[in-house]
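What follows is a short report on a single structure.
The values are calculated or read from the model by the stated rules, or taken from the named source; none is laboratory data. Since the model is a prediction, treat every value here as computed from it, not as a measurement. Cβ placement follows ideal geometry from the backbone for every residue including glycine, while neighbour counts extend to all protein chains displayed. Heads up: the accessible areas ignore ligands, DNA and RNA and are worked out on the full protein's heavy atoms, side chains in. Shrake-Rupley method; radii C 1.70, N 1.55, O 1.52, S 1.80 Å.
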Amino acid sequence: MRALAIVHDHLSTAGHVGERLAERGHELDELLVVPAERYTTPDVDVAFPAAGDYGLILTLGAPWSVARRNAWIEAELALLRAAHRGGVPVLGPEVLQAWLDEDGAAIAAEVGVDSERLVAELRADLPCRPRAGPRVGGPFP
């Protein structure tokens, strides 16, 4: 199965999650959103692939707030909406954490995810509670 890893900056990688996906036979394509030379000015245009080209989408965290609604954030949200509508699983460890705060819940709702229900279900299954609170900007601890 092909998997897309959306890597937002040159300092991030799919890391251990990408390694586990590869071990399980997934062909991992990494899409770098903001190249190193644009790190301080991340308002770039990015052509995201079609969600249906992948069996899984992994979206990683970014050091920039989603409150800066630039072109690539809008394009990524469109991709995530298409994935949600098309039944393509989306894995976003950092995104899940963001859904616990007000800004992230608004983004999740915009994509079409019922984040309140999702977080409630996950909290019931987790051995410890995810921390909640505002996470605007970055980088985060």
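For beta carbons closer than 7 Å, sequence separation of 6+ or different chains, a first residue in segment 49-62 that is farther than 18 Å from residue 8 by Cβ and modelled with pLDDT of 85 or more and a second that is open to solvent by 10 Å² or more (accessible area, probe 1.4 Å) and assigned to a strand (DSSP E or B), the qualifying pairs are 53/2; 55/2.
Of everything listed in (1) open to solvent by 50 Å² or more (accessible area, probe 1.4 Å); (2) hydrophobic (A, V, I, L, M, F, W, C); (3) touching a Leu at 6+ places or on another chain (Cβ under 7 Å), the single unmet condition for residue 58 is (1).
State whether the residues of segment 20-33 include one that is over 22 Å from residue 87 (Cα atoms), open to solvent by less than 20 Å² (accessible area, probe 1.4 Å) and in contact (Cβ under 8 Å) with a residue 12 or more places away in the chain.
Restricting attention to segment 20-33, the residues satisfying the condition of being over 22 Å from residue 87 (Cα atoms) are 23, 32-33.
Add one more test, that the residue is open to solvent by less than 20 Å² (accessible area, probe 1.4 Å), and what stays is 33.
Those still in the list that are in contact (Cβ under 8 Å) with a residue 12 or more places away in the chain too: 33.
Yes.
In this structure, is residue 49 more than 20 Å from residue 81 (Cβ to Cβ), assigned to a loop (DSSP other than H, G, I, E, B) and open to solvent by less than 50 Å² (accessible area, probe 1.4 Å)? Walk me through it before giving the result.
Working: more than 20 Å from residue 81 (Cβ to Cβ): no; assigned to a loop (DSSP other than H, G, I, E, B): yes; open to solvent by less than 50 Å² (accessible area, probe 1.4 Å): yes.
Taking the combined requirement at face value, the residue does not satisfy it.
Evaluated against (1) of a type in the set (D, E, K, R); (2) outside any helix (DSSP H, G or I); (3) farther than 25 Å from residue 1 by Cβ, residue 29 falls short on exactly one condition, (3). The single condition among (1) closer than 26 Å to residue 86 by Cβ; (2) open to solvent by 80 Å² or more (accessible area, probe 1.4 Å); (3) of a type outside the set (A, V, I, L, M); (4) not in a loop (DSSP other than H, G, I, E, B) that residue 69 does not satisfy is (4).
In this structure, residue 22 qualifies as over 17 Å from residue 88 (Cβ atoms) and of a type in the set (Gly, Ala, Ser).
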